[in-house]
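What follows is a set of notes on a single structure, which appears directly below.
Readers should treat all values here as calculations from the given coordinates under stated rules, not as data from a laboratory. Quick caveat: nothing in here was measured; it's all calculated off a predicted structure. Cβ coordinates were reconstructed from backbone atoms using ideal geometry, including for glycine residues, and neighbour counts include every protein chain displayed.
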Amino acid sequence: MLALGNREDLTEALGDLNPTLAVLDGITEAVSLHGLELKDNTDIATFGLILPRRIASQGPAVTTLDHVVKDRDGCGRYAIGGVHKLNIINGAAYTMENREPFGTGITGRSGLYIAKDRPGQLRRHAVHSAGGMRWFADLKLASHPKGFVEAELEAPNAGDRKPFRPTALMAKISDALAREPVADQDRDL
């Protein structure tokens, strides 16, 4: 059963607080709390209308946090569940790749990659990366002994990553050309 209660409470809270940013942490849990199926793209679209778009229509930018599948090689740019989670986003979607762990007294770093960019034109400021994504920045969190954390986004240094080369595609083309017989008129070239 679809849980649609508390719409008035949400509208009132947004009106009273007038936030500029709303963070929805845990889309998987939120979809389930609304009685919707995580793997059903129709239910994901319904959820998008129920919560993120409803909040955005009141003014604040909406950021949703989600988890990718545990198989790092198989996750690509999608979160757990229906692909429509990515499709319903207006704006940008990012994935984060942990490089150096965060922690108390530890400075950590994660790569921030653009998974979707509509219509922000952010990709032009990023560096090519594997899997069709673009490396946009590194999120650096520095934990200090006095109990505070500094956050910084650092632009990518193209020299830190190898340039994107479509080696799989190049190999397929090379194999196809090697299998084709060479015509006599081409041999003189």
Got a sec? How would 102, 47, 136 order by Cβ neighbour count within 10 Å, fewest to most? 102, 136, 47
Take 97, 8 and order them by how many other Cβ atoms sit within 10 Å, fewest up front. 8, 97
Starting from the amide H of residue 117, placed 1.01 Å from N in the peptide plane, find each other amide H under 5 Å away whose residue is 5 or more places distant or on another chain. 93
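Per residue and in cubic angstrom, what volume does the convex hull of the Cα atoms of the stretch 1-51 have?
Numbers: hull volume 3.9 nm³, N = 51.
Convex hull of Cα atoms, per residue: 77 Å³.
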What distance in nm separates the two pseudo spin-label positions at residue 170 and residue 124, each 7 Å out from Cα along the beta-carbon direction? 2.7 nm
Karplus 3J(HN,Hα) series, Hz, for the stretch 117-131 with 6.51 cos²θ - 1.76 cosθ + 1.60 (x for Gly, Pro): 8, 10, x, x, 6, 7, 4, 5, 9, 10, 10, 3, 9, 5, x
Could you calculate the contour length gain from residue 23 to residue 87, that is, 0.36 nm times the residue separation minus the distance between their Cα atoms, to one decimal place in nm? 21.2 nm
Residues residue 37 and residue 152, FRET efficiency given R0 of 45 Å [Cβ-Cβ distance, rounded to 0.05]: 0.70
Residue 10 versus residue 102: modelled label distance in nm, points set 7 Å from Cα along the beta carbon direction: 2.6 nm
